[in-house]
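A quick write-up on the structure given underneath.
The values are calculated or read from the model by the stated rules, or taken from the named source; none is laboratory data. Treat the numbers as computed from the prediction; the structure is a model and nothing was measured. Note: ideal-geometry Cβ built from the backbone for every residue, glycine included; neighbour counts use all protein chains shown.
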Amino acid sequence: MNARGRAPLLALFAANAVSLTGNVAALVAIPWFVLQTTGSATKTGITAFAGLLPVVLSGLFGGALVDRLGYRRTSIVADVASAVAVAAIPLLHSTVGLEFWQLVALVFLGGLLDAPGGTARAALLPDVAARAGWSFERATGATAVVERFSRLAGAPLAGVLIAATGETNVLWIDAGSFLVSAALVAVGVPRPAVEREARKTSYRRELREGYAFLRADRTLAVLVFIVSLTNLFDAVAMIALPVLAHDVYESALSLGLMTAAGGAGSVLGALAFAAIGHRLSRRAVFTWGFILVTVSFPVAAFFPPLMVLLVAKTISGLASGPLNPVIDTVFMERVPAGMRGRVFGVTQAAAWVAIPLGVLVAGAVIEAIGLRATLLLSGAAYLTITIGARFSTALRDLDRRPELASEEAA
């Protein structure tokens, strides 16, 4: 495929890379800001909850809107609006002052605006991949590499910037990243043909169609159920790691390094899947990958030297790298082009529904039973769920490669 065919795919990758790097930096900066100003793990959990709940709400109700507005247009508008919301945090902090409730409201608004943009860019991927002549395994693997590399770059960058200049500068970078992402999509990614089709059905009907499609496909439904359960305990780690860095390692940089170690391993895992994923058993990659992800929980629970924990995070990251590509490939194969916004939105909401609950209660659980016990219990539960997935009959269809659903099926 010539350079012209690859250009939209590269522009989409670049937009994701810029936006995700800023988001990962904010994931380090905002919890650290709350811990520094309040010293409360509970308030840190509340802030994380405010950023994650709108992802669920946007997925539940915004997917049909993404289909109606168009994937490219939604991506651009959502990025610009998110830039404004995120920029308001350092602006208020540096001028009139920022109350905790205001921070929570702005984090909520930023998440509400950001989620449809991510759904829209995911919906754009099959078309730009086809234009470039890439297989779905290669495209989803490369997308995962971009996502995971963003953790590798964004997290330590945030730790360094926090140590050198303070948390607010990281948030300015995050706001700027949304504007760059919007520009890349606007200039480099053409509208898919499906966006030009007139919408003749009601919003409510399209919303119901997304839910019905997901319920009707048992394999997709089980995938989402497993991911939702494991995300609950991943959410605990989102609060536990900042607390671990603050209380045990006493350094924002250690938090950045832990996040980056997981990102480095997952980049390698995603790269491997992009290269040879079409030759592998998706079911084996999915189930064993989830089982190996649990390695970091018991290691972190014993507060080892930082280098030991970084090795464990790298191993877990390596195992997690192919997971999203497997899931995304299956969804790209099974979901008709005209329904991507609806189905992807509902899927994101269902998969993420446990995350706000996890981060909301994680801080309180840590304060009640201690960090070590929280990590050990979370790891045991995570391992139990993923071993159960190994014996799920619905996941046998992961290795079936059906024909891509046609446009008419929408």
>> List the residue pairs whose Cβ atoms are under 6 Å apart, where the first residue sits in segment 239-250 and is in a helix (DSSP H, G or I), the second is surrounded by fewer than 23 Cβ atoms within 10 Å (Cβ to Cβ) and of a type outside the set (A, V, I, L, M), and the two are 6 or more positions apart or on different chains.
In response: A245/S254; V248/F303
> Can you find even one residue in segment 302-321 that is closer than 19 Å to I385 by Cβ and either among the aromatic types (F, W, Y) or touching a Phe, Trp or Tyr at 6+ places or on another chain (Cβ under 7 Å) (or both)?
Replying inline: no
> Is it true that A48 is under 20 Å from the mean Cα position of the chain (by Cα), closer than 24 Å to L255 by Cα and aliphatic (A, V, I, L, M)?
Replying inline: yes
> If only one of V308, V299, V293 is in contact (Cβ under 8 Å) with a residue 60 or more places away in the chain and either at negative phi or surrounded by 20 or more Cβ atoms within 10 Å (Cβ to Cβ) (or both), which one is it?
Replying inline: V293
>> Anything in segment 70-104 that is among the β-branched types (V, I, T), touching a helix residue (DSSP H, G or I) at 6+ places or on another chain (Cβ under 9 Å) and closer than 21 Å to V170 by Cβ? List them, or say none.
In response: V80, V84, V86, I89, V104
>> Pairs needed: first member in segment 351-366, modelled with pLDDT of 75 or more; second member anywhere, not in a helix (DSSP H, G or I); C-beta distance under 8 Å; at least 6 residues apart or different chains.
In response: G363/S40
> Of the conditions (1) surrounded by fewer than 18 Cβ atoms within 10 Å (Cβ to Cβ); (2) touching a helix residue (DSSP H, G or I) at 6+ places or on another chain (Cβ under 7 Å); (3) over 23 Å from P8 (Cα atoms), G133 fails just one. Which one is it?
Replying inline: (3)
> How many residues are closer than 29 Å to V330 by Cα, hydrophobic (A, V, I, L, M, F, W, C), at pLDDT below 80 and crowded, with 24+ Cβ neighbours inside 10 Å if we restrict to segment 136-179?
Replying inline: 0
> When residues of segment 324-337 are filtered for being among the hydrophobic types (A, V, I, L, M, F, W, C), part of a helix (DSSP H, G or I) and either within 16 Å of T119 (Cβ to Cβ) or free of Cβ contacts under 8 Å to residues at least 40 places away in the same chain (or both), how many remain?
Replying inline: 4
> Mind checking which residues of segment 6-39 are closer than 24 Å to H246 by Cα and polar (S, T, N, Q)?
Replying inline: T21, N23, Q36, T37, T38
> When D399 is evaluated against the numbered criteria (1) under 24 Å from S75 (Cβ atoms); (2) at pLDDT below 80, which criterion, by number, is the only one it fails?
Replying inline: (1)
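Among the residues of segment 82-124, which ones are among the aromatic types (F, W, Y) and either in contact (Cβ under 8 Å) with a residue 40 or more places away in the chain or within 30 Å of F344 (Cβ to Cβ) (or both)? Walk me through it before giving the result.
As a first pass, look at segment 82-124 and keep what is among the aromatic types (F, W, Y): 100-101, 108.
Once the filter is applied, which keeps residues that are among the aromatic types (F, W, Y) and either in contact (Cβ under 8 Å) with a residue 40 or more places away in the chain or within 30 Å of F344 (Cβ to Cβ) (or both), segment 82-124 yields F100, F108.
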>> Filter segment 242-266 down to the residues that are surrounded by 24 or more Cβ atoms within 10 Å (Cβ to Cβ) and under 18 Å from L375 (Cβ atoms) and list them by number.
In response: P242, A245, L255, M258, T259, A261, G262
> Going through segment 161-173 one residue at a time, which ones are more than 12 Å from S254 (Cβ to Cβ) and touching a residue at least 24 places away in the same chain (Cβ under 8 Å)?
Replying inline: L161, E167, T168, N169, V170, L171, W172, I173
>> Out of the residues in segment 192-222 meeting the condition of being over 24 Å from V330 (Cβ atoms) and of a type in the set (S, T, N, Q), tell me which one is modelled with the lowest pLDDT.
In response: T201
